[in-house]
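The values are calculated or read from the model by the stated rules, or taken from the named source; none is laboratory data. The shown structure was predicted, so the numbers you read here are calculated from the model rather than taken from an experiment. Using ideal geometry, Cβ is built from the backbone for each residue, glycine included, and neighbour counts are taken over all protein chains shown. Just the protein is used for accessible areas: all its heavy atoms, side chains included, with ligands, DNA and RNA removed. Shrake-Rupley method; radii C 1.70, N 1.55, O 1.52, S 1.80 Å.
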Amino acid sequence: MSGTTLKTESLPAARSAKTVNPFWYKIRRNPLTLLGLFLLLLILLLSIFAPLISPYEPTKINIPERFAQPSADHWFGTDEVGRDIFTRILYGARLSLGVGVAVVVGAGVIGTIIGAVSGYFGGRIDQLIMRLMDIILAFPALVLAMAIAATLGPNLQNAMLAIAIIKIPVYVRLARAETLALREKLFVKAAVTFGIPSWRIIVRHIIPNALSPVIIQVTLDIGDAILLVATLGFLGLGAQPPTPEWGAMISIGWKYLLDYWWYPTFPGLALFLASCGFNLIGDGIRDILDPKANRS
Amino acid sequence: MNPLLAVNGVSKEYTKGNHRFQAVSGVDFAITRGETFGLIGESGSGKSTLGKMVTGLEPPTSGTITYEGNSLWNGNRFNRLKPGEMQIVFQDPQSSLDPRMRVQAIITEPLLALPAAERKEKGSKERLLALITRVGLKPDHLNRYPHEFSGGQRQRIAIARALITDPSFVVLDEPTSALDVSVQANVLNLLQELKRERNLTYLFISHNMAVIRYMCDRMAVMQKGRIVEIGHVNDIFVNPVDSYTKTLLSSLPQLHEKKEDIHV
């Protein structure tokens with residue numbers, strides 16, 4: 001919120017780090033959040049500059065160099081058809097980050113709209129929507145995602161759709177709970193007395209004011225979504241080879257674990273660091289935006 | 001003279017499971033154009049519920065409310081006669097302004113309900129600037145957020161918002177109850193001046209006898225959902241009939257005692 005920045009021109013003495021940028025000040029005090037931020041930036045930069053960092057192509061087959069050990073030429077070794085694993089991890093990061101963010105943001109947007117509408121109007125529509133969400137939540141997330149992905153056909157788009165569907169109910173519930181509280185606020189009642197149509201009240205007042213918990217949930221969920229994409233890839237229900245996707249790489253690589261330990265290990269490590277980074281940042285943002293959960 | 005707003009036999013019953021609560025029962029009153037009509041009673045007396053029914057937030061269980069002769073409620077449907085004709089100022093300016101909107105967006109919001117041409121005309125920059133200075137704020141306040149203002153200033157923003165559509169009728173639901181005493185007088189004076197300048201008609205809801213006396217021409221005293229006494233403010237203050245009205249008046253020791261001193 002840019003509006004909360006205090007005016008400090010007239011009070012030079014009060015111009016400390018705390019007042020200039022309170023958000024950054026709080027992040028700096030939390031080493032774990034800082035670590036998460038560092039991990040994320042690292043992965044982001046590596047994936048953006050992948051073609052500059054690595055001379056190899058992620059899908060180019062080079063049989064003579066298959067199963068090369070980690071070395072100066074191939075930092076993380078090569079796989080069963082001689083592709084450089086480090087290169088594939090870099091390009092895989094592009095895919096995982098992009099897919100993770102897209103899926104969760106998509107689920108967040110759709111879920112927030114459904115939840116706001118459901119909570120605002122109440123009554124039968126609300127009951128119907130919420131029972132539908134309960135049905136989705138009743139299944140173990142991964143099982144349902146697998147079922148949806150398998151039904152639609154194994155490819156990346158369907159895996160994304162499946163993960164979005166299992167993520168939506170959380171956002172519907174969050175947004176609905178906020179909406180129920182906001183509906184009683186006087187500024188919403190005032191808008192009703194002006195004669196402003198309901199959809200416009202939802203867009204102008206309800207959704208903007210219900211957004212903070214949704215944003216926290218999005219940052220917490222991205223790591224989880226990356227993990228789910230990899231899981232579906234590992235099970236053969238997500239991205240298909242030769243796409244450089246972490247889960248798919250581990251899926252093929254684990255068979256070679258005993259002889260060529262580097263093949264599944266490095267993609268697994270990348271996955272671990274990426275989901276870890278997002279979770280740390282999610283926790284940090286929650287601590288900052290939710291003063292009641294403050295640790296000190 | 002035809003009343004601007006007429007409330008006839010209006011009742012409001014809330015049901016929660018088997019529990020019934022009669023918030024308003026069989027209330028009649030009429031407000032003529034240009035007057036300030038006061039509605040006074042303790043909390044829970046149904047005065048705010050009446051305000052909600054007049055402004056379209058709650059449908060009455062029975063009875064009719066007419067504005068310029070046209071019924072406001074058709075069953076549970078609110079007939080909005082002309083957008084912007086009637087506005088409301090709420091008690092708590094902390095919660096009646098959206099914290100995520102700038103003052104300009106807040107004040108011009110009621111215009112969204114108007115037809116495009118009228119919206120353009122009434123939302124002109126000159127009108128907005130004139131209005132914001134009229135209620136005692138500065139033009140550069142338009143770009144700020146509500147949390148940057150004091151309670152009195154916020155209520156001025158709420159008043160500007162109510163007046164942007166040029167209403168004829170304004171419901172003031174305890175507009176000064178949440179304010180500091182020193183600020184209350186300023187806001188009340190502003191409301192008085194605006195009423196004179198713009199030929200407004202007020203329905204003034206309050207629990208404060210002194211405020212009602214200062215603001216209103218006629219008043220109705222409500223207790224437990226019923227009107228126990230209705231009449232001109234001076235008559236009621238000088239010669240209260242109902243015992244509850246007398247109790248309310250005795251809550252104003254200074255006024256009352258002085259009067260008795262004169263009589264004795």
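Some observations on this one:
- Estimated inter-spin distance, B:Ser71 and B:Ser182, nm [label 7 Å along Cα→Cβ]: 5.2
- For the protein assembly as shown, with +1 on Lys and Arg beta carbons and -1 on Asp and Glu, the positive-most of A:Ala102, A:Thr78, A:Pro197 along the dipole: A:Pro197
- Interface area, chains A and B: about 2100 Å² of buried accessible surface, summed, with a 1.4 Å probe and ligands, DNA and RNA left out.
- Per atom type, region B:53-157 shows carbon and sulfur on 48% of its accessible surface, probed at 1.4 Å.
- Considering only B:Val103, B:Val181, B:Val170, the mean-square fluctuation computed in a Gaussian network model of chain B, springs between alpha carbons under 10 angstrom, is largest for B:Val181.
- Contact order for chain B, expressed relative to its length and based on alpha carbon pairs under 8 Å spaced 6+ residues apart, stands at 25 percent.
- Placed amide H near B:Glu229: partners under 5 Å, 5+ positions off or other chain: B:Val221
- The apolar share of the surface of region A:52-293, taken as the fraction of accessible area on carbon and sulfur atoms (1.4 Å probe, ligands and nucleic acids excluded), comes to 67 percent.
- Relative packing of peptides B:198-206, B:171-179 - highest average C-beta neighbours within 10 Å first: B:171-179, B:198-206
- Less than 5 angstrom separates the built amide H of B:Thr201 from those of B:Gly34, B:Phe169, B:Val170, all sequence-distant by 5 or more or on a different chain.
- Cα gyration tensor category, rounded, prolate or oblate, for region B:20-68 with a/c compared to 1.5: oblate
- When the pairs A:Lys185/B:Lys246; A:Lys189/B:Lys224; B:Lys120/B:Lys195; B:Lys16/B:Lys224 are compared against a 27 Å limit on Cα-Cα distance, A:Lys185/B:Lys246 fall above it.
- Entry comment: accessible area of chain A is 51 Å² per residue, from protein heavy atoms only and a probe of 1.4 Å.
- Protein-protein interface of region B:101-124, residues with accessible area decrease of at least 50 Å², isolated chain reference, 1.4 Å probe: B:Glu109, B:Leu112
- Three-way shape label, region B:97-166, alpha-carbon gyration tensor, a/c 1.5: prolate
- Here each label is just a point 7 Å from Cα along the line to Cβ, and for B:Ala116 and A:Asp134 those points are 4.6 nm apart.
- Among B:Gln223, B:Gln22, B:Gln155, the largest mean-square fluctuation in a Gaussian network model of chain B, built with springs joining Cα atoms closer than 10 Å, belongs to B:Gln22.
- Cα shape, chain A, gyration tensor, a/c 1.5 rule: oblate
- Gain upon complete extension [A:Ser212, A:Tyr256; 0.36 nm per residue less C-alpha separation]: 11.3 nm
- Members of region B:41-68 that become less accessible by 50 Å² or more once partner protein chains are added (1.4 angstrom probe, chain alone as reference): B:Leu57
- For B:Glu58, the residues whose amide H sits under 5 Å from its own are B:Met53, ignoring neighbours fewer than 5 places away on the same chain, with H placed 1.01 Å from N.
- In the full protein context, region B:97-166 carries 41 Å² of accessible surface per residue, based on a 1.4 Å probe and ignoring ligands, DNA and RNA.
- Cα-based Rg and Dmax for the protein assembly as shown, where Dmax is the largest Cα-Cα distance (Å): 32.2, 119
- A Gaussian network model of chain A, with springs between Cα atoms under 10 Å, assigns the largest mean-square fluctuation among A:Asp84, A:Asp221, A:Asp73 to A:Asp73.
- Span-rule helices in chain A, defined as complete DSSP H runs reaching 20 Å or more along the axis (Cα) with Kyte mean at least 0.5: A:31-48, A:85-121, A:123-138, A:156-183, A:207-234, A:262-289
- DSSP bridge pairs, the protein assembly as shown: antiparallel proportion in percent, nearest 5: 60
- For region B:133-140, 3J(HN,Hα) computed residue by residue from phi via the Karplus equation (6.51, -1.76, 1.60; θ = phi - 60°) reads 6, 4, 7, x, 10, 9, x, 6 Hz, glycine and proline entered as x.
- Paramagnetic label zone (point 7 Å from Cα along Cα-to-C-beta, B:Glu126; backbone N under 20 Å) in region B:143-183: B:163-167
- Legend: mean number of C-beta atoms from other chains within 10 angstrom of residue C-beta atoms, peptide B:77-90, equals 2.
- Point-to-point label distance, A:Ala147-A:Val109, nm (Cα→Cβ direction, 7 Å offset): 2.8
- Percentage relative contact order, chain A, counting C-alpha pairs under 8 Å, at least six apart: 23
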